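*Asks:* The structure that follows is given in the form of structure tokens.
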Amino acid sequence: MAITAKPLPAGFGIEIDGLDANRDLSDADRTMVLNAFHDHSVVVLRNVFMDDDSQVRFSQVFGEVEVSLGANPSSGTKFSRQSNIDIASGGLIPPDDRRMAYQKGNYLWHMDSSFKQRSSLCSILSAREVPPEGGNTEFCSTRLLYESLSDAEKSKLDTLTIEHDIRYSRGLTGFKYTEQEAKNFQTAPHKLVRTNPHNGRKSLLIGIHAWRIAGWDDEPSRQLIDSLNARAEATGIYSHKWLPGDVVIWDNQATLHRATAYDTVKYRRLMQRTTIALP
Ligand SMILES: [Fe+2]
């Protein structure tokens, strides 16, 4: 099958069809998919139907796969499970269960693992069970945001470090870590402005885990972070409607993403995410 590619409609992102990502990629295919990722920030692969083993193998094309932490049901493995299906019983998790409360944080714009000391290059999410309606994943580009800034704004932002903390962001949706879980995390300082080493294009590391700007008072710090998050969204949203077999790769240095709601009492949803650490 020939490989075809078409740009997605929001000014970033590309959809590729015909790439067999379940087998070891040829050098040409590796180069193609890596270039697509660096140039377009979001890569949608259709009709892949990936399993766990092939997802780990494919993820290693991008770098080192993180081990997940904290309250995710797959904590301690190479996967973060985004699902309303109980692993042990195979039945649906009740909406008031702590595991569902934890996933509510995904409804807010964020970059995966920005709260870790080593932030993430990208995430790879594969659709295993998809609800017939709802449950989209939405993206916006902090590269397009950066490129829309004035020179004065760029110079100001270039000097800033932002401290990210998931204990702050999960608190916003009312989720509480146990004392033991909270000890697994510490505040992670990151330079706000990021540069893609392949093309030199710059972006911002922001989102809901961005807690405060190092050295700034709380109020101006919160105002600037909120304003940057809102301006990123205003540059344009790509809303991905999942089909069975889809795999989406996104840049955690240059895009924000969020989950959208679905009827968790009526429909099953299982998505498996691998997260690749920044080199
Ligand atoms: Fe996420």
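The values are calculated or read from the model by the stated rules, or taken from the named source; none is laboratory data. From a predicted model like this one, the values you see are computed outputs, not experimental measurements. Please note: Cβ atoms are built from the backbone with ideal geometry, for glycine as well, and neighbour counts cover all protein chains shown.
*Asks:* As an exercise: evaluate F37 against (1) over 21 Å from S119 (Cβ atoms); (2) modelled with pLDDT of 95 or more; (3) hydrophobic (A, V, I, L, M, F, W, C) and give the number of the one condition it does not meet.
*Replies:* (1)
*Asks:* What are the residues in the range 26-53 that are surrounded by fewer than 18 Cβ atoms within 10 Å (Cβ to Cβ) and within 25 Å of E129 (Cα to Cα), if any?
*Replies:* R46, N47, F49, D51, D52, D53
*Asks:* Of all residues in the range 184-216, which are part of a strand (DSSP E or B) and either of a type in the set (K, R) or touching a Leu at 6+ places or on another chain (Cβ under 7 Å) (or both)? Talk me through it step by step, then tell me what you get.
*Replies:* Residues of the range 184-216 part of a strand (DSSP E or B): 188-191, 193-195, 202-204, 210-213.
Within the range 184-216, H190, K191, V193, R194, K202, L204, R212, I213 qualify.
*Asks:* When both residues are 6+ apart or on different chains and their Cβ atoms are under 7 Å apart, which pairs have a first residue that lies in the range 60-72 and is over 11 Å from C122 (Cβ atoms), and a second that is among the hydrophobic types (A, V, I, L, M, F, W, C)?
*Replies:* E64/I276; E64/A277; S68/F79
*Asks:* Name the residues in the range 101-130 that are acidic (D, E) and within 11 Å of the ligand (Cβ to nearest atom), would you?
*Replies:* Narrowing the range 101-130 to residues acidic (D, E): 112, 129.
Within the range 101-130, D112 is the sole residue that qualifies.
*Asks:* With the range 66-183 as the region, which strands (runs of 3 or more DSSP E) entirely inside it contain at least 1 residues that are in contact with a helix residue (DSSP H, G or I) (Cβ under 8 Å, 6 or more places away or on another chain) and within 16 Å of R269 (Cα to Cα)?
*Replies:* Numbers: elements: 80-83, 120-129, 137-141, 161-164.
Once the strands (runs of 3 or more DSSP E) in the range 66-183 are filtered for at least 1 residues that are in contact with a helix residue (DSSP H, G or I) (Cβ under 8 Å, 6 or more places away or on another chain) and within 16 Å of R269 (Cα to Cα), what remains is 80-83, 120-129.
*Asks:* Could you list, in sequence order, the residues of the range 78-119 that are buried (at least 16 other Cβ atoms within 10 Å of the Cβ) and either of a type in the set (S, T, N, Q) or without any contact (Cβ under 8 Å) to a residue 40 or more places away in the chain (or both)?
*Replies:* S80, Q82, S83, N84, R99, Q103, N106, S113, S114, S119
*Asks:* Could you grab me the full set of residues in the range 131-143 that are crowded, with 20+ Cβ neighbours inside 10 Å and either away from the ligand (no atom under 11 Å from the Cβ) or more than 13 Å from N252 (Cα to Cα) (or both)? So that I can check it myself, show each step before the final result.
*Replies:* Here is the first cut: in the range 131-143, the ones crowded, with 20+ Cβ neighbours inside 10 Å are 135, 137, 139-143.
Residues satisfying the conditions are G135, T137, C140, S141, T142, R143.
*Asks:* Sticking with this one: Filter the range 30-54 down to the residues that are within 25 Å of R143 (Cα to Cα) and either over 20 Å from the mean Cα position of the chain (by Cα) or of a type in the set (G, A, S) (or both) and list them by number.
*Replies:* Quick first cut of the range 30-54, residues within 25 Å of R143 (Cα to Cα) only: 30-46.
Passing the criteria: R30, T31, M32, A36, S41.
*Asks:* If you go through the range 192-200 one residue at a time, do you hit one that is farther than 17 Å from H164 by Cα, touching a strand residue (DSSP E or B) at 6+ places or on another chain (Cβ under 6 Å) and without any contact (Cβ under 8 Å) to a residue 40 or more places away in the chain?
*Replies:* Of the range 192-200, the ones farther than 17 Å from H164 by Cα are 195-200.
Of the ones still in play, those that are also touching a strand residue (DSSP E or B) at 6+ places or on another chain (Cβ under 6 Å) are 195.
If we keep only those that are without any contact (Cβ under 8 Å) to a residue 40 or more places away in the chain as well, we get 195.
Yes, that holds for at least one residue.
*Asks:* Turning to a different aspect of this structure: Residues A277, A259: which one is in contact (Cβ under 8 Å) with a residue 24 or more places away in the chain, of a type in the set (A, V, I, L, M, F, W, C), more than 28 Å from E153 (Cβ to Cβ) and within 13 Å of the ligand (Cβ to nearest atom)?
*Replies:* Working: A277 fails: within 13 Å of the ligand (Cβ to nearest atom).
One residue alone meets the criteria, A259.
*Asks:* While we're on this one: Answer yes or no as to whether R57 is outside any loop (DSSP other than H, G, I, E, B), within 16 Å of the ligand (Cβ to nearest atom) and either crowded, with 19+ Cβ neighbours inside 10 Å or modelled with pLDDT of 95 or more (or both). Write out each step before concluding.
*Replies:* On the way: outside any loop (DSSP other than H, G, I, E, B): yes; within 16 Å of the ligand (Cβ to nearest atom): no; either crowded, with 19+ Cβ neighbours inside 10 Å or modelled with pLDDT of 95 or more (or both): yes.
No: the conditions fail for R57.
*Asks:* Residue pairs, Cβ under 6 Å, 6 or more apart or interchain, first in the range 151-177 and over 10 Å from W211 (Cβ atoms), second assigned to a loop (DSSP other than H, G, I, E, B) and at pLDDT 90 or above. List them.
*Replies:* Short answer, once both residue conditions are applied: L157/L192; L160/L192; T161/A214.
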